[in-house]
Each structure stands twice: as structure tokens, then as C-alpha cells.
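A.B. asks: Please see the structure below; I have some questions.
The values are calculated or read from the model by the stated rules, or taken from the named source; none is laboratory data. Just so you know, these numbers come straight off a predicted model, no measurement behind them. Quick reminder, even Gly has a Cβ in these numbers, built from the backbone with ideal geometry, and neighbours come from all protein chains shown. Calculation scope for accessible area: heavy atoms of the full protein, side chains included, ligands and nucleic acids excluded. Shrake-Rupley method; radii C 1.70, N 1.55, O 1.52, S 1.80 Å.
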Amino acid sequence: MTRQPLVGGNWKMHLDASGAVDLIGGISAGMPELAAGVDVMVFPPFPYLGLSAEAALGSGILLGGQDVSGELEGACTGQVSAPMLLDSGCVVALVGHSERRHGLGETDFVVAAKVRTALAAGLRVVLCLGETLEQREAGATVEVVLGQLSGSLEGVSVEDLDRVDLAYEPVWAIGTGLTAGPDEAQEVHATLRSAVNARYDDRSASRIRILYGGSVKPSNAADLMACEDIDGALVGGASLEAESFLDIARAAARRE
Ligand code: PEP
């Protein structure tokens, strides 16, 4: 099965309102050249979703939330629900980012509730997984990411899995300038795809896109994208500048 590559820009807690609109404008300008050869998603901060949606209108850029509540509605101060994301023009939610798992103590149990709720409301999900440096050095990478995969997909049906993509993001590579080498990353991606096959089926494993994330830049994107099981990138720092993000999207679009 040929998988459409996907590149996502995680803006984290950066930019201001006019910076967000300008960045969308810069990315939009490069979209025609990509000729629909890659899905392009951006994840702006929540307050800028509405104006980002307006700025992205007609460009083909897909909008996502950086997180989503595990509850559909209710007394959840500070949280944002899946229906609110849909209302704001989002089609996807990022779930289980390491800055939430490790920075805010989100467990697989919490992540799984978010995944199920987002899917039930009609969103797509990009589910993030990845090991810390200590876990990698202890030789526990595979055990950790397979545990996260299994725990985070608890209760997700094979039908709903069609709207899930994965992002393998080694925690030690996020925002540090360090990147897993293409061979190291490919090995983990292939392991994740086999695990999806074992847990679901062959069709799901061939369909699911597995993005790599962790200091992806224009200079390392092509080598990563050339790997059989790397279907795109989740990009933090390099997504804050339109040209560098577009360069990464171009590398993904060229992926054979
Ligand atoms: C991320 O935030 O998901 C990420 C991969 O960040 P960076 O590209 O800056 O390492």
C-alpha cells in the first residue's frame, strides 16, 4: 500500500497572533508546489486556532489541536474538548506528546481516553510515542514504545484506527538538536508497524502512517524520509519558519 506522506508542524507555546497568521500565509504560498504530494498539518496554540483556520482557508493546510480533553464536555477547567476543536476548524488532535507525558505526567490511561474521545467526536489523531535517554541507554526502547502503543490504543477499534497516525519521537531528540539516525529510527518504526499488525491486522499496519519527530530539519529530512517505514515528520522548532517547514514537506513529498 502506498501511504500519503504527512508533515505536521507543532508550534507549541510559540508565536503571537500576527506571527501565526504570517506563518500560515508563508506555508500557504508553498502549498501549490507540493501538488498534494504530502498532507500538511499545523498545530497552533489553542487561542490562535480560529484565526489560523481563517488564514488557512482554501490552502489545503490541515489544522490540529496540540492536545484534546478525554471528556466530551463538562467541568474541566482549562481543557479543550474535541467538539470545540472541530468547531474551530480542526480535523486532527495531537495526543500524548512527550511534553505532556513527561512534562505533565500524562499516563497511557489518560492518553487512551483522549484518543478514544477525539475519534468518537470525528477527529483524526496523531499519537506520539517515544523513549527517554535513560530508557534508550538501558536498552528498553522497544519495550517502552510498544507499551505506550498498547496502552494508548486501549479500546480503539480497528475501524477507528483508520483515523490514527503515529509519531515516534525519542524524548532525547526533541528540541535538543540530536536526531535518531535513519537506521535507528527505521528499526523502531518497523517494530511499531509489526505491533499494529499483531494487534489489529495487515491492512491497518500497511495503512497507518508513522512519522518521525525529534530535531527534524531540512538538512536531515530527506535521509529520514527515504526509510521504508518513515512516512513523514512531526516538526517542532523547524516548523516555526515557513521555508524550513516547506523544505521538510518537499522532502516528504519526494519520498519514493
Ligand atoms: C516536537 O515538538 O514534536 C518536536 C519534534 O520538536 P523539535 O522538532 O523541535 O525537536
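A.B. asks: Regarding region 198-207, can at least one residue be identified that is open to solvent by 40 Å² or more (accessible area, probe 1.4 Å), within 16 Å of the ligand (Cβ to nearest atom) and at pLDDT 95 or above?
C.D. replies: no
A.B. asks: Here's something else I'd like to know. Any residue in region 236-256 that's at pLDDT below 95: show its pairings with residues that are assigned to a helix (DSSP H, G or I) and open to solvent by 20 Å² or more (accessible area, probe 1.4 Å) at Cβ separation under 9 Å, as long as the two are six or more apart or on different chains.
C.D. replies: Within 9 Å, the pairs are 254/222; 255/222.
A.B. asks: List pairs: first in region 96-113 and at negative phi and open to solvent by 60 Å² or more (accessible area, probe 1.4 Å), second part of a helix (DSSP H, G or I) and hydrophobic (A, V, I, L, M, F, W, C), Cβ under 7 Å, 6+ apart or cross-chain?
C.D. replies: 102/171
A.B. asks: Moving on to the next point. What's the total number of residues in region 43-61 that are under 18 Å from residue 17 (Cα atoms) and out of contact with any helix residue (DSSP H, G or I) (no Cβ under 7 Å at 6 or more places or on another chain)?
C.D. replies: The total comes to 9.
A.B. asks: Could you look through region 220-252, keep only residues that are part of a helix (DSSP H, G or I) and closer than 16 Å to residue 64 by Cβ, and pick out the one that is farthest from the ligand (Cβ to nearest atom)?
C.D. replies: Looking at the filtered set, the residue picked out is 249.
A.B. asks: Pairs needed: first member in region 168-197, over 19 Å from residue 134 (Cα atoms); second member anywhere, open to solvent by 40 Å² or more (accessible area, probe 1.4 Å) and acidic (Asp, Glu); C-beta distance under 7 Å; at least 6 residues apart or different chains.
C.D. replies: That search, which allows pairs on different chains as well, returns 182/223; 186/228.
A.B. asks: Within region 1-26, track down each residue that is away from the ligand (no atom under 16 Å from the Cβ), part of a helix (DSSP H, G or I) and touching a helix residue (DSSP H, G or I) at 6+ places or on another chain (Cβ under 7 Å).
C.D. replies: Correct list: 17, 20, 21, 24, 25, 26.
A.B. asks: Among (1) open to solvent by 60 Å² or more (accessible area, probe 1.4 Å); (2) more than 24 Å from residue 31 (Cα to Cα); (3) touching a Ser or Thr at 6+ places or on another chain (Cβ under 9 Å), there is one condition residue 217 misses while meeting the rest; what is its number?
C.D. replies: (2)
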